[in-house]
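The values are calculated or read from the model by the stated rules, or taken from the named source; none is laboratory data. Keep in mind it's a predicted model, so treat the numbers as computed, not measured. FYI the Cβ positions are ideal-geometry reconstructions off the backbone, even for glycines, and counts take in every protein chain you see.
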């Protein structure tokens, strides 16, 4: 075997390179940094949480339902 053939065989049997690993690491580090800065600026007790976001969504849904009921009641009264 010559050196040219064995070099190609070595390259063909190597594992593939994950080109998305670098960008994922950068995004992960940036997200962590943004979280830490936000926590230090806002304070731990004022940081948005999944629970707070879910509660805000529930409240918004209830408000929309209240408005729909009121609109339906006004529409029915106008007939």
Pairs with Cβ under 8 Å, 6+ apart, first in the stretch 36-61 and on the phi < 0 side of the Ramachandran plot and surrounded by 10 or more Cβ atoms within 10 Å (Cβ to Cβ), second modelled with pLDDT of 90 or more and outside any helix (DSSP H, G or I): none
Select from the stretch 65-79 the residues that are exposed (fewer than 10 other Cβ atoms within 10 Å of the Cβ) and part of a helix (DSSP H, G or I) and write down the one among them that is modelled with the lowest pLDDT. 78
